[in-house]
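Take a look at the structure below.
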Amino acid sequence: MSSLSQNSFPYISLDLAVAATAATITFITLFKFNWIEGNIGFIISDYFSKIRRNAGPFMVPDSNEVKDQIFRLAILRGREHCHDAILTNIIPMKDQVGGHIAAGNPMLRVSTSSSSVFVLKPLHVDVRGFREMAFYEAIQSAIYFGEENDAISDSYPYTIKQRCSENELKALRALSSFIPEYFGVIVRPNKSSIPPLMTSYLVLSDLTSSFRHPCIIDLKVGKRTYEPDAPLRKVESQTRKYPHQEIFGFRICGMTIYGKRGDDGDTKAFCQKIDKRFGQSLDDEKSLRETFLTFFKLDERAGDPNDADGIRVRVLANVLEQMIVIRQSFLDCNNSLALYATSILILYEGDDEFVSPEAYKLKLIDFAHVRRHPGNDWNYMYGLESLIKIYRSLLFEVEDTFRLYSDLAVDPKASKLILSSL
């Protein structure tokens, strides 16, 4: 009996040791679970925990399974909004400005039988394509869950949510008002390739659809448009091509202007397109200001408040107002995301004879390089502040424009907002 008892102790000790070890692991795991903000229902992999605490790409796949889940969600969303039965006309996007054509594919414009219009933006075949798609899905997930912390854990949107902190979700919800509407992803053959290859496209709202002849400018915002961990070759290339980006905090990537030529008043007779090479040549504030005056067609003295000149002054004022709103409602409260290589796209009606239902549009586009970043996004903020400063000075520079804007603004609070932001 004694021998049996003595021989039993080692096994009892081993059991106690295993139990103690298990309890310790459980405690550490639970501590980790509670410590990582935003994890509801599951403990995320060490990889995602690490990139959440530190700066890094906002959304990268930690496994093929996660990548497939997010892609499947985007495809399902695309089929719901843009299935084959309603695709009646697909043509190249003639109003595309700035940017570059992924894999040699242009953006496409899709007219549907229901008269709604989409654009198809080709996704890069590398990780940049996934990151932009996942960013748009993260926006949808943030909207879907709202302020609630609990949800069905096996739903596809939850795959996104569990990879975002609550601060990130709040920032995404704030940003959602300033981006084009997103309708998922579709996959279709690229007929320009031989043999035809399947190409994935983001389905986005066509920002030009409410204009007859849209004037468009693409502004790449930020002192640096390359990510902090970009290869040295990329850094040197960007610095060499865009030496003034760090000074002004933005550059003009492209611009389209419609206007009148001669006495016939035919806006089709005058369409000026400016590419990124022109933007590279603008090396001082004076040339930038002159370019903006040309874009808003204010390089001549503004006339009567009710004529085309007066309308364009109001467009400039409304664009300035929207930039201030973006700064106040998103950038000032964002302490978790950094926007690299993101553009501001500005549009307004260039046909003076056409009354557009919308005076202007301003949206943020291009999200393949969004990163997690603790604190304010000073890089992007610098560029936006620089634009606000220049646009405000242009508004005051044109004779009587601020009085004009104060009297005729679409939003009566706008002039007060501009003054209060000084």
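Which of the residues belonging to the range 343-365 are buried (at least 22 other Cβ atoms within 10 Å of the Cβ) and in a loop (DSSP other than H, G, I, E, B)?
The one that is buried (at least 22 other Cβ atoms within 10 Å of the Cβ) and in a loop (DSSP other than H, G, I, E, B): G350.
Just need a number here: residues in the range 229-245 that are basic (K, R) and within 16 Å of D283 (Cβ to Cβ).
Here the count works out to 2.
Could you please find all residues in the range 109-128 being surrounded by fewer than 19 Cβ atoms within 10 Å (Cβ to Cβ) and at pLDDT 80 or above?
Those that are surrounded by fewer than 19 Cβ atoms within 10 Å (Cβ to Cβ) and at pLDDT 80 or above: V117, H124, V125, D126, V127, R128.
On the given criteria, is R314 modelled with pLDDT of 95 or more and either part of a helix (DSSP H, G or I) or under 20 Å from D366 (Cα atoms) (or both)?
Working: modelled with pLDDT of 95 or more: no; either part of a helix (DSSP H, G or I) or under 20 Å from D366 (Cα atoms) (or both): yes.
When the stated conditions are applied, R314 does not pass them.
Among the residues of the range 243-278, what is the count of those that are more than 18 Å from V97 (Cα to Cα) and at pLDDT 85 or above?
Summing the residues that are more than 18 Å from V97 (Cα to Cα) and at pLDDT 85 or above in the range 243-278 gives 7.
Go through the range 324-335 and report how many residues are buried (at least 17 other Cβ atoms within 10 Å of the Cβ) and either in contact with a strand residue (DSSP E or B) (Cβ under 7 Å, 6 or more places away or on another chain) or not in a helix (DSSP H, G or I) (or both).
1
Specify the residue that is surrounded by the fewest Cβ atoms within 10 Å (Cβ to Cβ); the eligible residues are those in the range 284-311 that are modelled with pLDDT of 90 or more and not in a helix (DSSP H, G or I).
So the residue we want is D284.
Could you list all residues from the range 353-375 that are touching a helix residue (DSSP H, G or I) at 6+ places or on another chain (Cβ under 7 Å) and either over 15 Å from I139 (Cα atoms) or of a type in the set (A, V, I, L, M) (or both)?
Scanning the range 353-375 gives A359, Y360, L362, L364, A368, V370.
The values are calculated or read from the model by the stated rules, or taken from the named source; none is laboratory data. Quick caveat: nothing in here was measured; it's all calculated off a predicted structure. With ideal geometry, Cβ positions are generated from the backbone for all residues, glycine too; neighbour counts draw on all protein chains shown.
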